[in-house]
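Here's the structure, in structure tokens; my notes come after.
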Amino acid sequence: VIPLATARQFVLDGCAPLRPRQIPLDEALGCVSSEAIVAHEAVPAFANTAMDGYAVRAADTEGAPVRLSVVGTVAAGTAPSAALGPGQAMRIMTGAPIPPGCDAIVMVERTHTEGAEVIVEQPARPGDHLRLPGDDIAPGQEVFPPRTTLGPGHLGVVASLGHTSVAAYPQARVGVLSTGDELVEGGARLQPGQIRDSNRHTLLALLARSGCVPMDLGIAPDSEAAITSAVEAALPTCDAVVASGGVSMGDFDYVKVVLDRLSAGSMRWMQVAIRPAKPLAFGVIEGRPVFGLPGNPVSSMVSFELFARPGLRAMMGHDQLDRVHVEAVADESLRRRPDGKLHLARVIATPRSDGRFHLRSAGGQASHQLSAMALANALALLPDGEGIDAGECVTTMLLGEL
Ligand code: AMP
Ligand code: MG
């Protein structure tokens, strides 16, 4: 039995980053940039108005109210037809370039018109409501460093710089394989001993949530040949494979056998000092990480969180591999038995007005009780011992994005 940190490190050592490439902007959400994003142009590119109103010379508005003659209109997307002379104003719309001679904008709300003249009600100061070239982004500026996780705002910035793609680590394409003679798909009447495959659907969804491209590899029976051909068939199109089942001590647990053979012995079959999710097989086959997660539905989810998600994030260029951990307050006792292992209790964490997360159990804690795992939004890390009492604090892994 090995510590969680040792198993995690073994997995991470096998998860090299994918080769970065140019990714079209509208496919890059959530990807990690591989190079600094540098501006070659100023944003804004030209001085323009932040308000609908009148372009003026500030000096002309001293002693306002004053009367100026309106000599034109500048709409967004046009160039001013002439410069602004003394005593003149131009009607101007948000985003339109300011005419030469203008040094301030008066908002339309601070004016009224009389025929071809505008009455400016209050004096303007030079610079009022002007957006100057480069006051968002200057030419030559490094806007975002390498290894920035691209969110909606980043993509907008990249678009405003005129780029249609961005150098980034691609999403990992990850195959999901369920293994087990007992597994069936869909709503057919179950024969004795059969169960419905839930892990594949959970793991496909976890992968989608983790920013990967999930690929459904279906169900393989407990046969060495079938598991071998399912994994081999996946390798040309997948960057990684996540299998569930077949890594325990059972007589028909062939996943670890297959991974050992296909990974040329690089596979390690581990007994991790955690509960749930003790067994884990991990190896690299033809450069592709293959995770053999335990079959129990809760165990496969927990194992995914502890090992597969960090490994896949490393492949996708992330620096932050792990979920956020907080010190949370137990609102009820969380009991466990001493067994030398770290227990990951399925809990519901609720933020309260004291600024802390408060925990209560999400329900049954056995490794087949998927409904409690489904309700949980966090895992309380209960160290070896009897558990904790109500009011005590415990390190807790939040399962949501922050
Ligand atoms: P195994 O890891 O293959 O020994 O399986 C452990 C337990 O998980 C058994 O009760 C299996 O029936 C169950 N199990 C394995 N794979 C799945 C799956 N894909 N969906 C639901 N339960 C599963
Ligand atoms: Mg099995």
Between Gly101 and residues 5 or more places away or on another chain, the pairs with built amide H atoms under 5 Å apart involve Leu84
Where the accessible area of the range 176-290 is counted over protein heavy atoms with a 1.4 Å probe, how much of it, in %, is carbon and sulfur? 54
Mind checking which of Ile137, Val106, Val158 is farthest towards the positive end of the range 96-162's charge dipole, using Cβ charges of +1 (Lys, Arg) and -1 (Asp, Glu) about the Cα centre? Val158
Asp26 accessible area, assembled protein chains, probe 1.4 Å, Å²: 150
Magnitude of the Cβ-charge dipole of the range 198-341, K/R +1 and D/E -1, about the Cα centre, nearest 20 debye? 300
Can you work out the Karplus-derived ³J(HN,Hα) for every residue in the range 182-189? Use 6.51 cos²θ - 1.76 cosθ + 1.60 with θ = phi - 60°, whole Hz, and x for glycine or proline. 7, 8, 9, 10, x, x, 4, 4
Would you work out what percent of the accessible area of the range 25-84, with all protein chains in place, is carbon or sulfur (probe 1.4 Å)? 52
The answer for Phe144, listing residues at least 5 apart or on another chain whose modeled amide H is closer than 5 Å to its amide H, is Ile37
What area, in nm² and to one decimal, does the C-alpha convex hull of the range 59-218 cast on average over all directions? 17.2
If one builds a Gaussian network model of the chain from Cα atoms under 10 Å apart, the most fluctuating residue listed among Ala104, Ala116, Ala167 is Ala116
At 0.36 nm per residue, and after removing the present C-alpha to C-alpha distance, how many nm does the segment from Ser81 to Glu232 gain when stretched out fully? 47.6 nm
Go through the range 386-394 residue by residue and turn each phi into a ³J(HN,Hα) via Karplus (6.51, -1.76, 1.60, θ = phi - 60°); whole Hz please, and just put x for glycine and proline. 9, x, 10, 8, 4, x, 7, 9, 8
GNM, the chain, Cα, under 10 Å: largest mean-square fluctuation among Ser248, Ser266, Ser34? Ser266
Mind jotting down the distance between the C-alpha centroids of the range 132-157 and the range 84-98, whole Å? 30
How much accessible surface does Glu62 have with a 1.4 Å probe, in Å² rounded to 10? 140
Which whole-number percent is the relative contact order of the range 55-125 (Cα, under 8 Å, 6+ apart)? 44
Can you give the angle from 0 to 90° between the axis of helix 224-234 and the longest principal axis of the chain, with both taken from C-alpha atoms, to the nearest 10? 10
Folded to 0 to 90 degrees: helix 199-209 orientation relative to the chain principal axis, Cα: 20
Could you go through the range 155-169 in sequence order and give the Karplus-derived ³J(HN,Hα) for each residue, using 6.51 cos²θ - 1.76 cosθ + 1.60 with θ = phi - 60°, rounded to whole Hz, and x for Gly and Pro? 5, x, 4, 4, 4, 5, 7, x, 8, 9, 8, 9, 6, 7, 6
Largest first and to the nearest Å, give the Cα extent of the range 185-286 along each principal axis. 41, 33, 31
Which residue, Phe144, Phe46, Phe282, has the most motion in a Gaussian network model of the chain that connects Cα atoms within less than 10 Å? Phe46
About the Cα centre, and with charges only on the beta carbon of Lys, Arg (+1) and Asp, Glu (-1), how big is the dipole of the range 101-233? Nearest 20 debye, please. 280
Computed, not fitted: 222 nm per-residue ellipticity of the chain from DSSP H runs ≥ 4 (each -39500 (n - 2.57)), nearest 500, equal to -5000 deg cm²/dmol
For Phe291, what residues show an amide H to amide H distance below 5 Å, using hydrogens built from the backbone and excluding near sequence neighbours? Val241, Val242, Ala243
Length gain on complete extension for the stretch His325 to Gln194, per 0.36 nm per residue less the alpha carbon to alpha carbon distance? 43.4 nm
What does the charge dipole of the chain about its Cα centre add up to, to the nearest 20 debye, if the Cβ of each Lys and Arg holds +1 and the Cβ of each Asp and Glu holds -1? 740
Roughly speaking, what is the centre-to-centre gap between the range 1-72 and the range 309-359 when only Cα atoms are used, to the nearest Å? 33
Would you kindly calculate the mean projected area, averaged across all directions, of the convex hull enclosing the Cα atoms of the range 268-360, in square nanometres? 7.8
Below 8 Å, C-alpha to C-alpha, sequence gap of six or more: please give me the relative contact order for the chain in percent. 16
Count the DSSP beta bridges whose two residues both fall in the range 209-329, then state the antiparallel fraction as a percent rounded to the nearest 5. 70
Roughly how large, in nm² to one decimal, is the mean projection of the convex hull of the alpha-carbon atoms in the chain? 27.7
Return one whole number: the accessible area per residue of the chain in Å², for a 1.4 Å probe. 46
Angle between the chain longest axis and helix 4-13 axis [Cα atoms, degrees, rounded to 10]: 70
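The values are calculated or read from the model by the stated rules, or taken from the named source; none is laboratory data. All values derive from a computational prediction rather than experimental measurement. Heads up, the Cβs are rebuilt from the backbone with ideal geometry, glycines too, and the neighbour counts pull from every protein chain shown. Just the protein is used for accessible areas: all its heavy atoms, side chains included, with ligands, DNA and RNA removed. Shrake-Rupley method; radii C 1.70, N 1.55, O 1.52, S 1.80 Å.
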